[in-house]
Each structure stands twice: as C-alpha cells, then as structure tokens.
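Here is the structure we will look at.
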Amino acid sequence: QVQLVESGGGLVQPGGSLRLSCAASGRGFTSNFMRWYPQAPGNQREWVATITSGGNTNYAASVKGRFTISRDNAKNTVYLQMNSLKPEDTAVYYCNTASSGLDYWGQGTQVTVSS
C-alpha cells in the first residue's frame with residue numbers, strides 16, 4: 001500500500017514559480033518511478049514529468065525547460081519545481097506511482113496562474 005500527499009499549490013502570477021511536493025508513505029518508494037499529472041477543468045489528466053528510481057527524468061514538451069522534477073529518497077518525497085508559469089498551467093496537480101501492479105494517486109493540489 002502506498003499513500004501520496006501533494007502540497008505546495010497556490011495562486012501565482014504569470015511568470016512566477018511554485019514548488020510542489022508529494023510525500024509518499026509505504027514500502028518501495030526508492031524503487032518506484034514517480035510522475036506528475038495536471039488536470040485542468042473539463043480536461044483529462046495530462047502527464048508532464050517522470051523521475052525514475054535512478055533519477056532519470058523525462059518531460060512533456062509543454063513544460064520542458066520550465067519544470068524540474070526531483071526526488072529526495074531520504075524523505076520519501078518527490079518535487080516539481082515550476083518556473084515561468086503560464087495561465088494555461090492552471091490545474092489540479094496529482095502525483096502518481098505504481099507498485100505491485102497497482103496505480104496510486106494523491107488527492108491533488110490546486111495551482112492557479114492568474115494576474
């Protein structure tokens with residue numbers, strides 16, 4: 001069993017920055033990939049970033065160069081540093097992992113980019 005808890009969302013002006021956190025509990029965090037998925041109102045969740053257990057990263061084209069995913073295995077936490085935010089980044093951001101064939105999601109954290 002894995003539990004994920006996101007935090008760090010909020011209201012930010014265009015061009016601003018936020019850092020999201022996803023704290024994981026349960027076994028196997030260090031051996032799992034972690035992913036971030038924003039979901040804008042009326043849209044499906046859309047993958048934006050992955051970090052593997054070894055620290056390799058991958059990004060969607062829409063956020064490459066602006067977002068950075070990282071992990072601290074000692075704290076069982078994954079982060080998403082978001083810079084140069086745009087209004088279209090507004091969404092509820094969910095972190096995700098899989099373990100023993102099961103998919104796990106957090107409750108999400110709201111990010112609103114607006115002037």
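Which parts of region 61-102 would a label at Ser115 reach, counting a residue when its backbone N lies under 15 Å from a point 7 Å out along Cα-to-Cβ?
85-88
Roughly how much of Leu102 is accessible, in Å² to the nearest 10, using a 1.4 Å probe?
Rounded to the nearest 10, the figure is 100 Å².
Which of Ser31, Ala49, Ser62 sits closest to the plus end of the dipole of the chain, meaning its Cα is farthest towards the positive end, when Lys and Arg get +1 and Asp and Glu get -1 on the C-beta?
Ser31
Per residue, how much space in cubic angstrom lies within the convex hull of the C-alpha atoms of the chain?
Value for the chain: 92 Å³ per residue.
Quick check for you: with a 1.4 Å probe and neighbouring chains kept, what is the accessible area per residue of region 48-115, in Å²?
Each residue of region 48-115 exposes 48 Å² on average to a 1.4 Å probe.
Excluding Cys22 itself, calculate the net charge of residues whose Cβ lies under 12 Å from the Cβ of Cys22, where each Lys or Arg counts +1 and each Asp or Glu counts -1.
My count for the surroundings of Cys22 gives +2.
With a 1.4 Å probe and all protein chains left in place, how much of the accessible area of the chain comes from carbon and sulfur atoms, in whole percent?
Working: 2750 of 6050 Å².
In the chain, the share of accessible area belonging to carbon and sulfur is 45 percent.
How big is the antiparallel share of DSSP beta bridges in the chain, given as a percent to the nearest 5?
Close to 90 percent.
The values are calculated or read from the model by the stated rules, or taken from the named source; none is laboratory data. Everything quoted here is computed from the prediction, not taken from an experiment. As a convention, Cβ positions derive from the backbone with ideal geometry for all residues, glycine included, and neighbour counts pool all protein chains shown. Quick note on the areas: whole protein, heavy atoms, side chains included, nothing else; ligands and nucleic acids left out. Shrake-Rupley method; radii C 1.70, N 1.55, O 1.52, S 1.80 Å.
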